[in-house]
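The values are calculated or read from the model by the stated rules, or taken from the named source; none is laboratory data. None of these values were measured; they are calculated from a predicted model. Ideal geometry is used to build each Cβ from the backbone, glycine not excepted, and the neighbour counts take in all protein chains shown. Note: areas computed on protein heavy atoms with side chains; ligands, DNA, RNA excluded. Shrake-Rupley method; radii C 1.70, N 1.55, O 1.52, S 1.80 Å.
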Amino acid sequence: MSAAAWQAGRADPIARFARYLHSRPRLMLALLLTPPLLWLGVIYLGSLLALLAQSFFYIDEFSGQVVRELSLRTYAELLTEPNLLVVARTVAMAAAVTLACALIAFPVAYYIVRYASVRLKALMYLGVMVPLWSSYIVRVYSWKLILAKEGVITWLAEHLGALWLLEAILAVPVLGGPSLSFSMFGTFIVFVYIWVPFMILPIVAALERVPRSLMEASADLGAAPIATFRRVILPLAFPGVVAGSIFTFSLTLGDYIIPKVIGTSHPYIGTVVYAQQGVAGNVPLAAAFTVVPMIVMAVYLTIARRLGAFNAL
Amino acid sequence: MDSSDVAVRFDGVSRLFGEVRAVDRVSFSVTDGEFFAMLGPSGSGKTTCLRLVAGFEHPTEGRIFLSGKDVSDVPPYERNVNTVFQDYALFPHMSVQENVEYPLMIRKLPAAERRRRAGEMLELVRLPGFGARKPAQLSGGQRQRVALARALIGQPRVLLLDEPLGALDLKLREEMQVELKAIQRQLGITFIYVTHDQGEALSMSDRVAVFNHGRVEQLGTPAEIYDHPRTAFVAGFVGISNLLPAAVAERIGAGSRSFSIRPERIHMAAPTEPAAEGRCSADGTIRSVLYYGAQTRYLVGLDAGSELTVVTQNSDASGLRAAWSAGERVRLVWLRASERPIEEGVET
Amino acid sequence: MPFERRRHRGKPEGGTRPGLALRLAALGGILFLHLPLLFIVLYAFSAEDKSFVFPPPALTTRWFAVALEREDVRAALLLSLQVASVATVLALFLGTMAAAAVWRSSFFGREAISLLVILPIALPGIITGIALRSALNLGGLPFSFWTIVIGHATFCIVVVYNNALARLRRTSPSLIEASMDLGANGFQTFRHVIFPQLATALLAGGMLAFALSFDEVIVTTFTAGQQATLPIWMLNELVRPRQRPVTNVVAVFVIAITLVPILLAFYLTRHGQDAAGSGR
């Protein structure tokens, strides 16, 4: 560059500022980091810590006011039987949902990786990706239509002559109800439906890593002896299943919309948190309840890490 | 040296990465208009030196001068120096034309002039009419030429080339060597050329700096480097070299210092060859024979210990035996003047 | 958390064919994912307005007109579009800055930044929601348009961040050095080299962030006051159904409005391994 051009460049205040920043990479870094750090570190993390702090406050039983002193009283309340039952119910539901998701997701993922042509693969991939990203509330709503007493399922059962089966399912104590839309079965189906894409993708990722020759060497899934499948493919796909289960488990633990829209009046962690902070006005208890999924997930992640799930993320 | 003739000067420059001294107290000067090679194995500090000149790195100690001006703290975009990158670093979203015009566009030159000069540059690198293509549509050799055109269009005082031919195949590499040299002569720009290929460094440059462990082991013309290696490292890295330890030298009556000798300077003779004034000889047995067409390379184990490589030209057989074979006894003879004493632990 | 989209590797099988059981299971899985949405579209045309009777006795398009006339629906739609737009713009700035910082330098706490960015989607939405709500209460701030935006931008940052970082990591650092070497300062290099490299990744990230925000309900229930975004409007209808046919039509709107940006994002990142599926 000619000397004149240098001089021209220096006179320009923007160019001067650029040069100033260039010689101070730390300042540049600070300028880049400050806005996102202010947002996430102060607003978001601050809120989370404030929430955590509030779980150590407690509600005065007589006045109904929050008492702002540190105490474990709220945690003692959390550990009473009805609340523990809520935790147990939610964890059981999360476990059942995770298992069902894995069973549904595996064949889909296996087909995508092993058999689909390039074009079909892209299409199926998109077919998994779109529901993962879109229309959570609408997808929950669709089951309201399908599971309604006068809806598709009942119609289908009638035409297949399987009404007796539907009635038998609804007659199961605790899990059943007046219609699928108002039963724990219904809640379970919708959870599985909403979270299953989160299980498919990590399994696809894990299977993509399996050397093709190895997959070809093992006999086919449909026809093969179960032993081949169990010894060759499943161990290789397992980290993907565990990775997917992190999502299905965590998302089920924290959801409160699905049980509210589809299901019985049995409370889950999410619905209790929502009710405690809202109607009941017991923010400390709500805050303490949010600690439960965090602890459960921390334990779960520790186990998952041991099982090598993070390589499949 | 008159400072106005000096394009680049390193004055006690070190660059530390953490505890590692990538460049260790280096001082040298590159003369204006010179083709200067920095030769060395990977990790020897040559590329870091290049990046120091370009301004991508700044010295931890010492100063760097461009045309007599201290640029140690000047950012790359204010240096009158351009670089041809090893991976070419062409902007993938721009056409060839836009790539070559880039420095002029940044300087806000009028479009017509930019187009004209870019056309000239593409002409120079023999890629006329390639302007509309995208880098992805070019071969490796063509990308290389575009990178060269882009680096030259701003008329830098110094052009830095970072192993520019490393990714090309042998044939293309030899072509480009000739072409680069021709362009350098035509434009009269100082070229600083980083390479680990000793053949490239010797054939193209006016002077060579041999790097090792962040230091310049030796700096000189290709002939000096080849013929008078001052250290064992230089002798070994540039060309094939025979290094005789002091103890062996003493046993064959060649003095008491270790020395190196180039294999083509050794004459291979029958064990009956008489001794002569100014010559040294050593007896041994041929251990292996490697036939290369134009030459044959012999590995000879000396009776006094150690081994020597001998290269003979297969040009004619004028009185010599056409070939020797493994296991034969031979007498190696060379002029005392061909011996190159090696200084142990030489520093620049 | 972030899944990478993988390149198609190798060719499809010629010789082996999947067993019937596998084909049925895979087909069943995909149908399970998509049939319910088709039912919504079907019901949007149902002439029956009191129940979800199947099959619909007759089909009609009149509910679309009815829904579009509804003041509350239009207000909710407008609010959702506004919130998603503003949240996306904020996320674009913050996410790109964080990605640039993490990419260019290796500073202490780099891992912590990545974790911090991902946390809002890694933790269940209810935790993010209640934390923001109680912080707003503690600070005595009233709920408003901006409180919704704050919540949404928080969990949208990661989407932009992932896409931008993936693209930056595929960009050779020598491009930036080449630009500076050729006379461009930091700003000029950003404008002429870095930004054009990033543009499609940012567009894709922005599209996904928009879809994510437009669709969000869990965090929104905690940070919205009396205002209803479209998903909140739907949730209210779900809990206390009043106008089933209108709800069906609104559901179709939501599907359409979120589908377009997702498809576009997928298209924009189809050649690379950018994170079109960066979790949520």
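Numerical summary
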| read-out | value |
| --- | --- |
| Filter pass, B:PHE10 being aromatic (Phe, Trp, Tyr), buried (at least 22 other Cβ atoms within 10 Å of the Cβ) and assigned to a strand (DSSP E or B) | yes |
| Any hit, the stretch C:74-91, residues being touching a helix residue (DSSP H, G or I) at 6+ places or on another chain (Cβ under 9 Å), at the interface with chain A (Cβ under 10 Å from one of its Cβ atoms) and part of a helix (DSSP H, G or I) | yes |
| Some residue of the stretch C:248-271 being more than 30 Å from A:GLN277 (Cβ to Cβ), without any contact (Cβ under 8 Å) to a residue 12 or more places away in the chain, part of a helix (DSSP H, G or I) and hydroxyl-bearing (Ser, Thr, Tyr) | yes |
| Selection count where residues are more than 7 Å from every other protein chain (Cβ to nearest Cβ) and open to solvent by 40 Å² or more (accessible area, probe 1.4 Å), scope the stretch C:24-46 | 8 |
| Selected residue [at pLDDT below 85 and more than 8 Å from chain A (Cβ to nearest Cβ)] from C:ARG104, C:ARG110 | C:ARG110 |
| Which listed residue, of B:GLU78, B:GLU98, is within 13 Å of chain C (Cβ to nearest Cβ) and touching a Phe, Trp or Tyr at 6+ places or on another chain (Cβ under 7 Å) | B:GLU78 |
| Helices (runs of 4 or more DSSP H) wholly inside the stretch B:168-230 containing at least 1 residues that are within 30 Å of B:ILE261 (Cβ to Cβ) and open to solvent by less than 10 Å² (accessible area, probe 1.4 Å) | B:198-204, B:222-227 |
| Matching residues, the stretch B:95-108, being without any contact (Cβ under 8 Å) to a residue 12 or more places away in the chain and more than 13 Å from C:GLY183 (Cα to Cα) | B:GLU98 |
| Residues satisfying the stated conditions in the stretch B:84-95, i.e. open to solvent by less than 10 Å² (accessible area, probe 1.4 Å) and either facing chain C (nearest Cβ under 7 Å) or of a type in the set (Ser, Thr, Tyr) (or both) | B:ALA89, B:PHE91 |
| Any hit, the stretch A:63-78, residues being within 11 Å of chain C (Cβ to nearest Cβ), over 27 Å from the mean Cα position of the chain (by Cα) and either without any contact (Cβ under 8 Å) to a residue 12 or more places away in the chain or part of a helix (DSSP H, G or I) (or both) | yes |
| Filter result for the condition that a residue is open to solvent by 10 Å² or more (accessible area, probe 1.4 Å), at the interface with chain C (Cβ under 10 Å from one of its Cβ atoms), at negative phi and in a helix (DSSP H, G or I), over A:ILE200, A:ILE169, A:ILE137, A:ILE153 | A:ILE153 |
| Residue selected from the stretch A:243-289 under the condition within 8 Å of chain C (Cβ to nearest Cβ) and assigned to a loop (DSSP other than H, G, I, E, B), by the criterion farthest from A:PHE106 (Cα to Cα) | A:TYR256 |
| Test: residue in the stretch B:130-141 that is surrounded by fewer than 19 Cβ atoms within 10 Å (Cβ to Cβ), touching a Pro at 6+ places or on another chain (Cβ under 9 Å) and outside any loop (DSSP other than H, G, I, E, B) | yes |
| Hits in the stretch C:51-88 (condition: within 30 Å of A:LEU40 (Cα to Cα) and without any contact (Cβ under 8 Å) to a residue 24 or more places away in the chain) | C:LEU78 |
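Conditions tested, residue by residue: (1) open to solvent by less than 10 Å² (accessible area, probe 1.4 Å); (2) more than 30 Å from B:ALA232 (Cα to Cα); (3) among the hydrophobic types (A, V, I, L, M, F, W, C).
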residue	(1), (2), (3)
B:ARG21	no, no, no
B:ASP24	no, no, no
B:GLN97	no, yes, no
B:ILE106	no, yes, yes
B:MET121	no, yes, yes
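Per-residue answers, yes or no, for (1) modelled with pLDDT under 80; (2) within 19 Å of the chain's Cα centre (by Cα); (3) open to solvent by 20 Å² or more (accessible area, probe 1.4 Å):
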| residue | (1), (2), (3) |
| --- | --- |
| A:GLU158 | no, no, yes |
| A:LEU175 | no, no, yes |
| A:VAL204 | no, yes, no |
| A:MET215 | yes, no, no |
| A:ALA243 | no, yes, no |
